[in-house]
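To keep things clear, I will list the structure first and then write my remarks on it.
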Amino acid sequence: MIQRDGDIVDLNGTSPVSFGLAAGNYHVVVRHRNHLGIVTLNPVPLSAVAATVDLTQSGTATFGSNARRSITGAFPTLALWAGDVTFNGEILYTNSGNDRDQILTAIGGIVPTNTIAGYRAEDVNMDGSVVYTGQDNDRDIILTNIGGVVPTNSILEQLP
């Protein structure tokens with residue numbers, strides 16, 4: 001389970017995650033809801049002793065290029081790219097199979113000011129509501145993540 005602060009814990013909300021694998025070196029992959037997945041570039045030693053893998057830090061190398069989004073401001077960090085509503089490993093604002101249209105479809109497809117509540121893939125900002133237009137909408141996050149200027153840009157998941 002990924003907590004709001006980015007910590008990943010077991011389902012009880014406090015215990016470290018246990019995989020029940022033999023001790024060894026493993027690549028760690030993180031996938032979450034409507035975000036693009038990432039994987040460590042280098043294997044991480046895992047054993048019965050809890051290990052910390054901090055993917056928010058630039059010193060933790062990841063596979064590929066541009067695998068994480070840089071968040072600036074009061075609490076700068078590296079984060080997963082949000083907006084893969086279609087679960088196809090790509091964040092796309094326009095063209096066939098885009099993620100933006102899925103948000104409009106989820107709210108009914110006709111009245112763009114409609115909203116729906118719930119734990120849904122289309123809730124890109126994870127606030128419990130799917131919103132297509134207006135304040136705190138989920139569509140703008142996709143546009144911002146692909147660069148905000150050229151709506152045909154896309155971001156690809158960086159998994160081997």
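A compact table of results
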read-out: Neighbourhood net charge (13 Å Cβ-Cβ; Lys/Arg +1, Asp/Glu -1) for residue 36; value: 0
read-out: Positive minus negative residues near residue 154 (Lys, Arg vs Asp, Glu; Cβ under 11 Å); value: -4
read-out: Under Karplus coefficients 6.51, -1.76 and 1.60, residue-wise ³J(HN,Hα) of segment 16-24 in Hz, glycine/proline x; value: x, 6, 10, 9, x, 9, 5, 4, x
read-out: Cβ-Cβ FRET estimate between residue 77 and residue 144, R0 fixed at 22 Å, reported to 0.05; value: 0.85
read-out: Extension gain from residue 136 to residue 117, taking 0.36 nm per residue of separation minus the Cα-Cα distance; value: 5.5 nm
read-out: Order of exposure, largest accessible area first, which applies to 141, 38 with probe 1.4 Å; value: 141, 38
read-out: Percent carbon-and-sulfur accessible area, segment 47-160, ignoring ligands, DNA and RNA, probe 1.4 Å; value: 53
read-out: Per-residue ³J(HN,Hα) for segment 124-139, Karplus 6.51 cos²θ - 1.76 cosθ + 1.60, θ = phi - 60°, Hz, x for Gly and Pro; value: 5, 8, 6, 9, x, 9, 9, 10, 8, 9, x, 5, 6, 6, 7, 5
read-out: Label-point separation, residue 127 to residue 17 (7 Å along Cα→Cβ), nm; value: 2.8
read-out: Interchain or long-range residues, amide H under 5 Å from residue 94's placed H; value: none
read-out: Contact order normalised by residue count of the chain, Cα under 8 Å, 6+ apart, percent; value: 19
read-out: Cβ-defined net charge surrounding residue 124, 11 Å radius [Lys, Arg +1; Asp, Glu -1]; value: -4
read-out: Euclidean distance between Cα centres, segment 111-146 to segment 1-61, Å; value: 27
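The values are calculated or read from the model by the stated rules, or taken from the named source; none is laboratory data. Computed from a predicted model, the values in this text were never measured in an experiment. Every residue, glycine as well, gets a Cβ built from its backbone with ideal geometry; the counts of neighbours run over all protein chains shown. The accessibility values were calculated without ligands, DNA or RNA, using every heavy atom of the protein model including side chains. Shrake-Rupley method; radii C 1.70, N 1.55, O 1.52, S 1.80 Å.
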